[in-house]
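No value in this document is a laboratory result; all are computed from the given coordinates. Owing to the predicted nature of the structure, the values given are computational and were not obtained by experimental measurement. Neighbour counts run over all protein chains shown; Cβ positions are idealised from the backbone, glycine included.
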């Protein structure tokens, strides 16, 4: 420092270098903090947070564990407990949503726990059951028949939650779309609005649904008419360009789950997206492999060339994926056989 | 005579170091400080609860306060490097040059601070679905505002610190 007094500049070159080095060190420490607080490194801390008294802490911890994915397997027991026994509905749904990204079998356990509760005497229990099943998304496909039955529940909030859950599950598409269309004629304005909202923002719209929605543009309830307008203004989901863009989206990890889910709901119309979907049967994440199998299975005869790849999927490490693959093979073979039969003179 | 030559250069050295680290740390802490202040002052949340909620959401998906802090800090880090390389290498024999540069850099820093503070306050006080986009655009806007602020500072410096007539 004694050299400063005689320095011809405000700081000596050595001081400047040291400051720059200090800055690099500071940024490195910030990077280290981020690295230690995210990904699999954060799992032990997040598991501890799941035991916190404050529900908001448990919710945030569950959301972060969901982001970590299969590497957060150590959190499964705590997340299962939170999804099924926590007193806060939001904590239940956050844990269930995380489970589907970590372990499909655990997610199915949550589904099995809540399906009987759809028939509970207590309306609040039925509402929570619908909300949790919805948060499991397409993984809760086997719960669809039970949710369809709840569509006629006496409690309007149960009916609303059931429609939201069905839209979130999305597959198989035909009975869900039929239930949502029925919801548009519900006696409760809240349920009608919820059904219209699902068409506007969640469920992909095919031509028959667009035709069914068109009269709603003149609905006396302005909010429903507006939602119908939003739905009809959406790009046609079964349009070639739209399928092409979904096919491109599956190649990007950030939009992959969404795009696969949309393709699975579009069924045979999504056949053009088969090629980008096929490699995803080998993805690291079970949820992606599951969605890929569901999307391919829904394509029907158009996915005939995927049968060989699907046969390899029969050996998948995840039982839920194996089940989806088996269903897809059976569906494609069945649809192909019937279309060949119909083509014969 | 010796004391008068050394004192201003010593002050400038301190000012350069303070400006450098103040810009780096201030840029990072500014959004976090505003978040906490809005919780405590506007939403009347006790500080301990606001702090707990803040730390909880630092790395939480959909919130990621850490990333927001980092994004805001980027232009301030650039400013810090500029302070170091622009002011730090100024010859002390001509005191007018470092002074004018210091005022220019102060103008840039002040402008960036006001712009960043206002943006963060607006996002928090008037929440909107697209509000988070402001966090993405803010670093670019701050980088663009830096030379403008510097230019204004230099103009002010030219007015306030005229060159002594020979």
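Full extension from residue A:338 to residue A:311: what is 0.36 nm times the residue separation minus their Cα-Cα distance, to one decimal in nm?
7.7 nm
What is the distance in Å between the Cα centres of region A:27-49 and region A:51-69?
With region A:27-49 and region A:51-69 each reduced to a Cα centre, they are spaced 14 Å.
At what distance in angstrom do the alpha carbon centres of region B:11-40 and region B:98-166 lie from each other?
Their Cα centres are 14 Å away from one another.
For region A:126-234, just the Cα set please: Rg and Dmax, both in angstrom.
My reading of the Cα-based Rg and Dmax gives 12.8, 37 Å.
Using helices alone, what [θ] at 222 nm do you get for chain A, with -39,500 (n - 2.57) per DSSP H run of 4 or more residues, divided over all residues and rounded to the nearest 500?
-20500 deg cm²/dmol
What distance in nm separates the two pseudo spin-label positions at residue A:74 and residue A:154, each 7 Å out from Cα along the beta-carbon direction?
Modelled inter-label distance: 5.0 nm.
Enter the mean number of other protein chain beta carbons within 10 Å of the beta carbon of each residue in A:10-19, as an integer.
6
Nearest 10 degrees is fine. How inclined is helix A:104-114 to the longest principal axis of chain A, computing both from alpha carbons?
Value to nearest ten degrees: 60.
Restricting to Cα pairs below 8 Å that are 6+ residues apart, what does the relative contact order work out to for region B:2-160? Please round to a whole percent.
28
If R₀ is 45 angstrom, what is the calculated FRET efficiency for the pair residue A:119 and residue A:214, using the beta carbon separation as r and rounding to 0.05?
The formula returns an efficiency of 0.80 here.
Would you mind ranking A:168, B:145 by Cβ crowding within 10 Å, fewest neighbours first?
Sorted ascending by nearby Cβ count, the order is B:145, A:168.
What's the FRET efficiency of residue A:90 with residue A:37 using the Cβ-Cβ distance as r and R₀ = 22 Å, to the nearest 0.05?
The formula returns an efficiency of 0.45 here.
Set the Förster distance to 45 Å, then compute FRET efficiency between residue B:54 and residue B:160 from the Cβ-Cβ distance, nearest 0.05.
So, using R0 = 45 Å, E works out to roughly 0.65.
Place a point 7 Å from Cα of residue B:134 in the direction of its Cβ. Which residues in region B:14-46 have their backbone N less than 12 Å from it?
B:35
Just from its helices, what would the mean residue ellipticity at 222 nm be for chain B, if runs of 4 or more DSSP H residues each count -39500 (n - 2.57) and the sum is divided by every residue, rounded to the nearest 500 deg cm²/dmol?
Per the formula, -26000 deg cm²/dmol.
Could you work out the relative contact order of chain A, using alpha carbon pairs under 8 angstrom and six or more residues apart, expressed as a whole percent?
Computed value for chain A: 9 percent relative contact order.
Compute the helix-to-body angle for A:173-183: its Cα long axis versus the longest principal axis of chain A, expressed 0 to 90° and rounded to tens.
Taking the Cα atoms of chain A, the angle to A:173-183 is about 80 degrees.
May I ask for the distance between the Cα centers of region A:198-250 and region A:291-345, given as a whole number of Å?
Between the Cα centres of region A:198-250 and region A:291-345 lies a distance of 28 Å.
What does the average come to when, for each residue of peptide A:21-33, you count the partner chain Cβ atoms lying within 10 Å of its Cβ?
Per-residue shielding by partner chains comes out at 2.
Nearest 10 degrees, 0 to 90: what angle lies between the long axis of helix A:13-37 and the longest principal axis of chain A (Cα atoms)?
Helix A:13-37 sits roughly 30 degrees off the main axis of chain A.
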